[in-house]
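Heads up: the structure comes next, in structure tokens.
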Ligand SMILES: [Zn+2]
């Protein structure tokens with residue numbers, strides 16, 4: 001049996017992530033973990049789970065994930081309902097930047113055998129510029145978070161949260177067998 005875990009899968013990084021190990025869930029000890037570097041989720045390993053061990057990253061990265069997020073989440077005893085103090089998101093204007101694919105040249109050159117051919121850049125539609133991903137900020141207990149990630153956790157059932165008063169930039173969450181953390185934005 002190898003059932004897909006859609007909740008875990010929803011927290012991995014997309015293909016463009018340079019830390020390749022974040023693009024799929026992985027085993028860490030007796031846990032299954034997924035993260036995109038800004039948000040992390042984990043649950044206990046279950047029979048039938050098929051994921052890879054984290055072999056390609058350094059021991060210090062593993063330790064940081066384990067001690068910095070997982071062990072802290074596991075030690076929390078006073079979970080709260082969400083939201084405690086939630087400020088509606090502020091929409092930020094998207095800013096334009098030089099297209100990362102064509103580097104602003106509007107087209108891309110390809111070689112096939114001895115032939116060179118040019119195509120209009122698809123990323124920017126030949127404009128040479130693309131829009132930076134829009135971050136919609138919201139506040140939970142006065143701390144700013146990317147609303148995109150808050151929405152991911154508010155979609156979970158029976159959501160509980162925890163924020164340390166001294167470290168509100170880490171928002172821990174719990175939903176049934178799942179636990180995790182969201183890293184906040186600079187206020
Ligand atoms: Zn382009």
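Please tell me the relative contact order of the chain in percent, rounded to the nearest whole number, where contacts are Cα pairs under 8 Å and at least six residues apart. Walk me through the numbers before you get to the answer.
Working: 309 pairs, mean separation 36.5, N = 187.
RCO, the chain: 20 percent.
Largest GNM mean-square fluctuation across 38, 148, 115, computed for the chain with C-alpha springs under 10 Å, falls on 115.
Once both labels are positioned 7 Å from their Cα atoms along Cα-to-Cβ, the gap between residue 107 and residue 14 label points is 2.7 nm. Nearest 500 deg cm²/dmol is fine: what mean residue ellipticity at 222 nm does the chain get from its DSSP H runs of n ≥ 4 alone, each adding -39,500 (n - 2.57), divided by its residue count? Roughly -3000 deg cm²/dmol at 222 nm, from the helical runs in the chain. Annotation: peptides 55-65, 174-184, ranked by per-residue average of other Cβ atoms within 10 Å with the highest first, follow the order 174-184, 55-65.
Just to be sure I understand: with springs between alpha-carbon atoms less than 10 Å apart, which residue in 158, 125, 67 has the highest mean-square fluctuation in the Gaussian network model of the chain? Per the Cα network of the chain with a 10 Å cutoff, 125 tops the list. Over the chain, the ratio between the Cα radius of gyration and 2.2 N^0.38 Å evaluates to 1.25. Applying 1/(1 + (r/R0)^6) with R0 = 22 Å to the Cβ-Cβ distance of residue 75 and residue 55 gives a FRET efficiency near 0.25.
Translational diffusion of the range 143-187, estimated by Stokes-Einstein from the Kirkwood radius over alpha carbon pairs at 25 °C in a medium of 0.890 mPa s, is 229 µm² per second. Pick from 47, 167, 72: which residue has the top mean-square fluctuation in a GNM of the chain where Cα pairs under 10 Å get a spring? Top of the fluctuation ranking is 47.
Values quoted throughout were computed directly from the atomic coordinates according to the rules given, and no laboratory measurement underlies them. Note that the structure is predicted; figures quoted are calculated from it, not measured. Positions of Cβ are backbone-derived with ideal geometry, glycine not excepted, and every protein chain shown enters the neighbour counts.
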